[in-house]
Structure formats: C-alpha cells, structure tokens
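To keep things clear, I will list the structure first and then write my remarks on it.
The values are calculated or read from the model by the stated rules, or taken from the named source; none is laboratory data. Nothing here was measured: the structure is a model prediction, and the numbers come from that model. Here Cβ is always computed from backbone atoms with ideal geometry, including for glycine, and neighbour counts include all displayed protein chains.
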Amino acid sequence: MATTFQGVIEKRQIRWIGAPPPEGTLVVVMPQEPPPIDEQIKRLQAIPSDDWRKSFQAVLRAWDESAPAELEGQPLSDDELQALIERAREEVHAQRRR
C-alpha cells in the first residue's frame, strides 16, 4: 500500500511533518517541485571545495561504520522500483487534487 508522508530535508536528514512512517517502512523520497536547474547549479557552485570533500568523506565514514540495511544486497528490480515510483506519483497527484 502506498502512503504519503510529508517532510523536509534538513541537514541531509528527513524531518517529518506530522507522524513519521512506521519503523521498517520502505521510503521513496520524491520532491514536490525541484528548484530550477540554474538555481541548483548556483547552489552547487557556491559550496567550497573543502566542504564538498568533507561531505563525501562523512558519508563514506558513516557507511564504513554502519551495519548493513536489512534489504541491502537484495536490490529492487527495475520493475519493482518503477512500480513504487508510479504508486508514489499517483498518491501525490491524488493529494494535490484534494
């Protein structure tokens, strides 16, 4: 069953607005409306190269220190991923019509 939960990405983490999804829920993140591409490029270009590298190093360090996710090693097939995306899109469109 596809369900929509709203949140914002803040400091590289999802901050849920309202109730978060139940523990163990598979989450597909879909932005409502991405910023224009020129704004995205400006934001990326404004990041100092040292900060850029630190971000990647932090991710790699977290990866090395973390336990594998329950479904890691069992990736979704293209068809399964596409079905999840379509269900999420349908739910977003249904909510916008309400």
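Starting from the stretch 56-84, take each residue that is more than 28 Å from residue 3 (Cα to Cα) and list its partners that are part of a helix (DSSP H, G or I) and modelled with pLDDT under 85, counting only C-beta distances under 6 angstrom and pairs at least six apart or across chains.
Within 6 Å, no pair qualifies.
Counting just the residues of the stretch 23-56 that are of a type in the set (S, T, N, Q) and loosely packed, with under 10 Cβ neighbours inside 10 Å, which one comes out nearest to residue 75 (Cα to Cα)? Step through it out loud before you land on a result.
At the first step, the residues of the stretch 23-56 found to be of a type in the set (S, T, N, Q) are 25, 32, 40, 45, 49, 55.
Right, trim to loosely packed, with under 10 Cβ neighbours inside 10 Å and you get 25, 32, 45, 49.
Details: 25: 15, 32: 25, 45: 33, 49: 32 Å.
In this case the residue turns out to be 25.
Can you run down the residue pairs with Cβ atoms below 8 Å, 6 or more apart or on separate chains, where the first is in the stretch 23-46 and under 25 Å from residue 82 (Cβ atoms) and the partner is loosely packed, with under 11 Cβ neighbours inside 10 Å and among the acidic types (Asp, Glu)?
Every condition considered, the pairs that remain are 24/70.
Can you tell me which residues in the stretch 4-22 are β-branched (Val, Ile, Thr) and surrounded by 11 or more Cβ atoms within 10 Å (Cβ to Cβ)?
So the first thing to find is which residues in the stretch 4-22 are β-branched (Val, Ile, Thr), and the list is 4, 8-9, 14, 17.
Within the stretch 4-22, 4, 14 qualify.
If you check residue 91 against the conditions, is it surrounded by 10 or more Cβ atoms within 10 Å (Cβ to Cβ), farther than 19 Å from residue 12 by Cα and touching a residue at least 24 places away in the same chain (Cβ under 8 Å)? Walk me through it before giving the result.
Numbers: surrounded by 10 or more Cβ atoms within 10 Å (Cβ to Cβ): yes; farther than 19 Å from residue 12 by Cα: yes; touching a residue at least 24 places away in the same chain (Cβ under 8 Å): yes.
The answer is yes for residue 91.
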